[in-house]
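K.L.:
Please see the structure below; I have some questions.
Just so it is clear, none of the values below were taken in a lab; they were calculated from the coordinates. Keep in mind the model is a prediction, meaning the values are calculated, not measured. We place every Cβ from the backbone using ideal geometry, glycine too, and count neighbours over all the protein chains shown.
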Amino acid sequence: MENLEKVRVRIAPSPTGLLHVGTARAALYNWLFARKNNGKFILRIEDTDIVRSSKEMLTSILDGLSWLGIDWDEGPFFQSERLEIYKKYADKIYEGGKAYYCYCTPEELAERRERAKREKRDLKYDRNCLGLSEEEKMKLEDEKRPKALRFLVPEGETSFQDIIHGQVKKSNEEIEDFIIMKSDGTPTYNLAVVVDDFKMGITHTIRGDDHIPNTPKQVLLYKALNLTPPKFAHLPLILGEDKSKLSKRHGAISVTQYRDEGFLPEALFNFLVLLGWSPGDDREIMSKEEILKSFSLERISKTAAVFDVEKLEWMNGVYINKLSDEKLLDMVTPSLLEKGWVDRDFLEKKREFLVSIVSLLKKRMRRLNDFVRYSSYFFNDVEEYENKGVKKHFKEDTPDHIKALKKRLEKQDDFSQENLESIFRDLAEELDIKPSRLIHPVRLAVTGETVGPGLFEILEIIGKNCVIKRLTKTIEYIKLINNEKNGAIV
RNA sequence: GUCCCCAUCGUCUAACCGGUUAGGAUACCACUCUUUCAAGGUGGUGACACGGGUUCAAAUCCCGUUGGGGACACCA
């Protein structure tokens, strides 16, 4: 309703790095806005910096978006394939007398900027080449000096209306004559976005806060070309724990990295959306459909948000627990294969066994990789016992207890957890010890660890043969350390 | 050095155009459950940056201070 014209938005990543979570979130908001308004979401690759762009990064971006469940209606378009178009518009600006050639070399400019900085002066371009006489220009042309095209910033003030921030104003005196065409004939970012956003019919430019200082420049270009700018919405930045803009030095920043670390796309999607937006009520765990239903640009906050991995982990745990055991098993299967704990044949024949492990471990998983961390003893022999557990639970009389237990278990055909529990408790009573004096040593014997799921459930899954084997091994082990202890005393 | 943006628990946030014991989530702590660790359940600690206005009434509107962040490339 709010727009008579069809909404068209875009995400325009540059393939000079992996898909940053900030870019991903901007993509999300754009996508949500497009879907919400029945509009189009366009993917454009800003690869005019040929040197720094790479194919791998492009793949990472495309994969990351797809993985998150963000699909695009048009594109990907590549700016590197549209160079003639920018040239045409640059010429138009030049012919209109709104731009001039600059023969200063990048080195000269950098030097001047450095000096300005040292002398604590403003580092704006000094319009050196604007005042060039015809002769001077001819001379430079004869020398075949490379030239860049600079936009001639007019006097006055430039402002724009931002959906999130309201009106933003800037005096043109603060804007330097920025370059729109580099000397190699490629456009500069500010020209390229303007031309592309116009050519692609973009109605709303939704992007990071860090672009606010660029926006007046772009508005100026729209004006110079006699075009109507799109509506702008500048998103708050995502910060690292130290409150500075999230970047490489904060560690994990790319979507693919989170994928590889065992996060679910639904969880990351949900988490990212809530970083800077809320539905207005207390809901947090929200499906894509729910989010879509309540999403609006107006509810996006202005304040930068710290990326809190702990909360992401919690949310991921919630999503993991929503999965069925079967589905979750499928998701952790690759890591089991990779570890070499199972093979194809095993997967097929022992599916029930695997599902029961998943069901046991699911509640304590926060990432998919937690599964292999917690499940080793279901697939491998226990090679060593946790040290502090040995001290605490392997006592002088423990071998006798375990021996007695082993004797009873050997007679059992029913290895159900209920039956196991009564065996343990009965025996403990007969031995006149607390059940825990039996439970803890056995857990350590069978898993090598002091913590984990309920013991009887573990025993049921591991099965009689294996449990007996491990108990036998433990009896020998404790005898050995007991002898050593006694030997040392004598 | 210049310009711009922002300001509610440690963190993410709610409180529609001024009236709330400032709500939720996470994290943390306690209790509970219990064979351990989690999960679950219950409870708790914890915030309107400061100073001026405007108003009967300000977290909310205005101004300033402070603080934080961002941008000032022939990168995007």
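K.L.:
Just add up the charged neighbours of residue A:176: K/R +1, D/E -1, any other residue whose Cβ is under 11 Å from the Cβ of residue A:176. Show your work: numbers first, answer last.
P.N.:
On the way: positive: A:113, A:124, A:127, A:150, A:217; negative: A:122, A:126, A:173, A:174, A:177.
Computed value for this residue: 0.
K.L.:
Full extension from residue A:145 to residue A:261: what is 0.36 nm times the residue separation minus their Cα-Cα distance, to one decimal in nm? Intermediate results must be reported in sequence, preceding the final value.
P.N.:
On the way: separation 116, 0.36 × 116 = 41.76 nm, distance 5.12 nm.
Taking 0.36 nm per residue and subtracting the Cα distance, the gain is 36.6 nm.
K.L.:
What nm value, rounded to one decimal, do you get for the distance between residue A:302 and residue A:71 when each label is placed 7 Å out toward the C-beta?
P.N.:
Going by the 7 Å Cα→Cβ label model, 3.8 nm.
K.L.:
Taking the Cβ of residue A:377 as the center, what net charge do the other residues with Cβ under 11 Å away carry, scoring Lys and Arg +1 and Asp and Glu -1? The partial results should precede the final answer.
P.N.:
Working: positive: A:443, A:470; negative: A:381, A:383, A:449.
Net charge in that neighbourhood comes out at -1.
K.L.:
What are the residues whose amide H is under 5 Å from the amide H of residue A:46, where those residues sit 5 or more places off or on another chain and H is modelled from the backbone?
P.N.:
Here the answer is A:14, since their amide H atoms fall under 5 Å of that of residue A:46.
K.L.:
Angle, helix A:436-447 long axis vs. longest principal axis of chain A, Cα atoms, 0 to 90°, nearest 10?
P.N.:
60 degrees
K.L.:
A follow-up question, please. Could you give me the ³J(HN,Hα) list for segment A:137-153, computed from phi with Karplus coefficients 6.51, -1.76, 1.60 and θ = phi - 60°, whole Hz, x at Gly and Pro?
P.N.:
After applying 6.51 cos²θ - 1.76 cosθ + 1.60, I find 4, 4, 4, 5, 5, 4, 6, 6, 5, x, 10, 10, 9, 9, 7, 8, 6 Hz.
K.L.:
Run the numbers for residue A:289 and residue A:469: contour at 0.36 nm per residue of separation, minus the present Cα-Cα distance, in nm. Walk me through the numbers before you get to the answer.
P.N.:
Values: separation 180, 0.36 × 180 = 64.80 nm, distance 5.16 nm.
Full extension of this stretch gives 59.6 nm more.
K.L.:
I'd like the distance separating the alpha-carbon centroids of segment A:97-112 and segment A:258-323, in whole Å.
P.N.:
46 Å
K.L.:
Once every DSSP H run of n ≥ 4 in chain A is given -39500 (n - 2.57) and the sum is divided by its residues, what mean residue ellipticity at 222 nm do you get, rounded to the nearest 500 deg cm²/dmol? Before the final figure, lay out the partial values.
P.N.:
Values: 22 runs with 246 residues, N = 490.
Value at 222 nm, helices only: -15500 deg cm²/dmol.
K.L.:
Could you work out the longest stretch of chain A that avoids the GluC sites (Glu not before Pro) located in DSSP loops with at most 10 other Cβ atoms within 10 Å? Before the final figure, lay out the partial values.
P.N.:
Details: sites that count: A:2, A:5, A:119, A:143, A:155, A:383, A:384, A:396.
The answer is A:156-382.
K.L.:
Between residue A:413 and residue A:486, how many nm apart are label points set 7 Å from Cα along the C-beta direction?
P.N.:
So the two model labels end up 4.0 nm from each other.
K.L.:
So, one more: Restricting the count to DSSP beta bridges whose residues both fall in chain A, what percent are antiparallel, rounded to a multiple of 5? All intermediate terms of the calculation are to be shown ahead of the outcome.
P.N.:
Working: 16 of 31 bridges.
If we restrict to bridges inside chain A, about 50 percent are antiparallel.
K.L.:
Between residue A:114 and residue A:51, what FRET efficiency follows from the Cβ-Cβ distance if R0 is 30 Å, with the result rounded to 0.05? Don't skip to the answer; put the middle values down first.
P.N.:
Values: r = 22 Å, r/R0 = 0.75.
Given R0 = 30 Å and the Cβ-Cβ separation, E is 0.85.
K.L.:
Another one. With a 4.7 Å Cβ cut-off, tell me which Cys residues in chain A come up empty for a partner.
P.N.:
By the Cβ distance rule, which asks for a partner under 4.7 Å, the isolated cysteines are A:104, A:466.
K.L.:
Pop out the ³J(HN,Hα) list for segment A:358-367 in order, Karplus 6.51 cos²θ - 1.76 cosθ + 1.60 with θ = phi - 60°, rounded to Hz; leave Gly and Pro as x.
P.N.:
For segment A:358-367, the Karplus curve yields 4, 4, 6, 8, 3, 4, 9, 8, 10, 9 Hz.
K.L.:
What value does chain A have for Rg/Rh, both radii from Cα atoms and Rh as Kirkwood defines it?
P.N.:
Details: Rg = 32.8 Å, Rh = 27.8 Å.
My calculation of the ratio gives 1.18.
K.L.:
Separation of segment A:126-146 and segment A:424-490 by C-alpha centroid, Å?
P.N.:
First find each Cα centre; the distance between them is then 88 Å.
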